[in-house]
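The values are calculated or read from the model by the stated rules, or taken from the named source; none is laboratory data. Since the structure is predicted, the reported quantities are computational estimates derived from the model, not experimental observations. Glycine also receives a Cβ, built like all others from the backbone with ideal geometry; neighbour counts cover every protein chain displayed. Calculation scope for accessible area: heavy atoms of the full protein, side chains included, ligands and nucleic acids excluded. Shrake-Rupley method; radii C 1.70, N 1.55, O 1.52, S 1.80 Å.
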Amino acid sequence: MLPWLIKRILMLVPVFLAVSVVIFSILHFIPGDPIDNLLKIGSSPEARAEMEARYGLDRSLPVQYGIWLSNVLQGDLGTAIVARRPVADLIAQALPHSLRLGGLALLFSTVVGVTLGVVAALSRDRWSDRAIMGGVLVGSTMPSFWLGLILILVFSVSLGWFPVSGARGWQSLVLPVLTIGLGGTALVARITRVSMIEASGRDFVTLLHAKGLSPLRIQLRHVLRHALIPVVTILALRIGWILGGAVTVEVVFARPGLGTLLIKSLAQHDYPVVQACLLMLAMAVMLGTLMGDILQALMDPRVRAAMT
């Protein structure tokens, strides 16, 4: 498995390079200039040229990209143009809030999604199955920003149970976690249900019934274990998407985090900060994909056999 793992990691290198080119290029094609936020009104062209030279913005884009990528590979994310602080410090300050929010949302969607999927599979074609799948369908089609506003209106403004914004105490995490987690819950529930129904038709299930095991024990102990393989893969892939989804939710709930930092830096055209935030989100997706492949190999002997 080690040679496969090394090969799989090496496959991420060209993906990382391609993503870095896209992030750098698109950002510099957006209208606006971070120097405008630093210069006073009526500043001379000489002052602008001096400021651009200080931050390396007077060089060609290929040269700027080469310098930026070289620094990133050495662990240097640069210095924020507007905030005038190391970008690594800004990321280190914002990332824990996003990781906490994303981790709790992933846990919520996993537990609730698997539970709903199991109940729907066990009551296939009954009213409970239709009710769960109907609710799941509604939950999966709701935009996160719209759902967040509805939750604020109901549970914060009307009922006063949770704070509208901020990041103080566990109460401030409830509504953002629900906003992000409900979409993932729908996906996990659908995949769990389909996987359990598919696994129930395999030969080993017939053999277990012939041995006299109870149907409920077969479903929960044997069928569910096989059905969780695609679920685990999907959950690993959602690690990056959950962090990306936190961008919108953090803005809606006015929470500190990577999303708030990204939106603020975009408004200021602070290139180093925006590039670092987008690169973090892209790396989360890539690492989630790698983790999904590894977990699938550990859980499925057929995948491990294919690696040898």
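Quick notes on this one:
- Among residues of region 2-21 that are under 15 Å from Ser70 (Cα atoms) and open to solvent by 60 Å² or more (accessible area, probe 1.4 Å), none has a beta-carbon under 8 Å from a residue that is outside any helix (DSSP H, G or I) and of a type in the set (A, V, I, L, M) at least six positions away or on a different chain.
- For region 267-288, residues that are assigned to a helix (DSSP H, G or I) and in contact (Cβ under 8 Å) with a residue 60 or more places away in the chain total 14.
- Flag if Gly184 is modelled with pLDDT under 80, open to solvent by less than 20 Å² (accessible area, probe 1.4 Å) and closer than 18 Å to Arg238 by Cβ: yes
- Annotation: Val247 fulfils all but one of (1) open to solvent by 50 Å² or more (accessible area, probe 1.4 Å); (2) part of a helix (DSSP H, G or I); the unmet one is (1).
- The condition of being open to solvent by less than 30 Å² (accessible area, probe 1.4 Å) and modelled with pLDDT of 75 or more does not hold for Val205.
- Filtered by the rule that a residue be outside any helix (DSSP H, G or I) and of a type in the set (A, V, I, L, M, F, W, C), region 171-222 gives a lone residue, Leu213.
- Pair list, Cβ < 9 Å and 6+ apart or interchain, from region 114-128 residues that are touching a residue at least 40 places away in the same chain (Cβ under 8 Å) and closer than 18 Å to Pro215 by Cα to residues that are surrounded by fewer than 16 Cβ atoms within 10 Å (Cβ to Cβ) and among the polar types (S, T, N, Q): Ala120/Ser128; Leu122/Ser128
- Residue match in region 217-228 (condition: open to solvent by 10 Å² or more (accessible area, probe 1.4 Å) and in contact with a Lys or Arg (Cβ under 7 Å, 6 or more places away or on another chain)): no
This table checks each residue for (1) part of a helix (DSSP H, G or I); (2) among the hydroxyl-bearing types (Ser, Thr, Tyr); (3) out of contact with any helix residue (DSSP H, G or I) (no Cβ under 8 Å at 6 or more places or on another chain).
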| position | (1), (2), (3) |
| --- | --- |
| Val119 | yes, no, no |
| Asp125 | no, no, yes |
| Asp129 | yes, no, no |
| Phe145 | yes, no, no |
| Leu151 | yes, no, no |
| Val164 | no, no, no |
| Gly169 | no, no, yes |
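- Yes/no for Leu10 being hydrophobic (A, V, I, L, M, F, W, C) and modelled with pLDDT of 75 or more: yes
- Restricting attention to region 109-124 and to residues that are aliphatic (A, V, I, L, M) and farther than 21 Å from Ile180 by Cα, the residue that is surrounded by the fewest Cβ atoms within 10 Å (Cβ to Cβ) turns out to be Val119.
- Residue in region 138-152 that is open to solvent by less than 30 Å² (accessible area, probe 1.4 Å) and within 30 Å of Leu216 (Cβ to Cβ) present: yes
- Among the residues of region 73-104, those identified as farther than 11 Å from Leu258 by Cα, open to solvent by 30 Å² or more (accessible area, probe 1.4 Å) and either assigned to a helix (DSSP H, G or I) or free of Cβ contacts under 8 Å to residues at least 24 places away in the same chain (or both) are Leu73, Gln74, Gly75, Asp76, Arg84, Arg85, Pro86, Ala88, Asp89, Arg100, Gly103, Leu104.
- Residues satisfying the stated conditions in region 139-156, i.e. closer than 14 Å to Ala186 by Cα and touching a residue at least 40 places away in the same chain (Cβ under 8 Å): Gly139, Ser140, Met142, Ser144
- Search result, residues across region 71-100 that are over 23 Å from the mean Cα position of the chain (by Cα) and more than 23 Å from Glu52 (Cα to Cα): Gln74
Residue-by-condition table, conditions (1) touching a residue at least 24 places away in the same chain (Cβ under 8 Å); (2) touching a strand residue (DSSP E or B) at 6+ places or on another chain (Cβ under 9 Å); (3) among the small types (Gly, Ala, Ser):
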| position | (1), (2), (3) |
| --- | --- |
| Leu175 | yes, no, no |
| Ile180 | yes, no, no |
| Gly183 | yes, no, yes |
| Arg193 | yes, no, no |
| Thr206 | no, no, no |
| Leu220 | yes, no, no |
| His226 | yes, no, no |
| Val231 | yes, no, no |
| Leu262 | no, no, no |
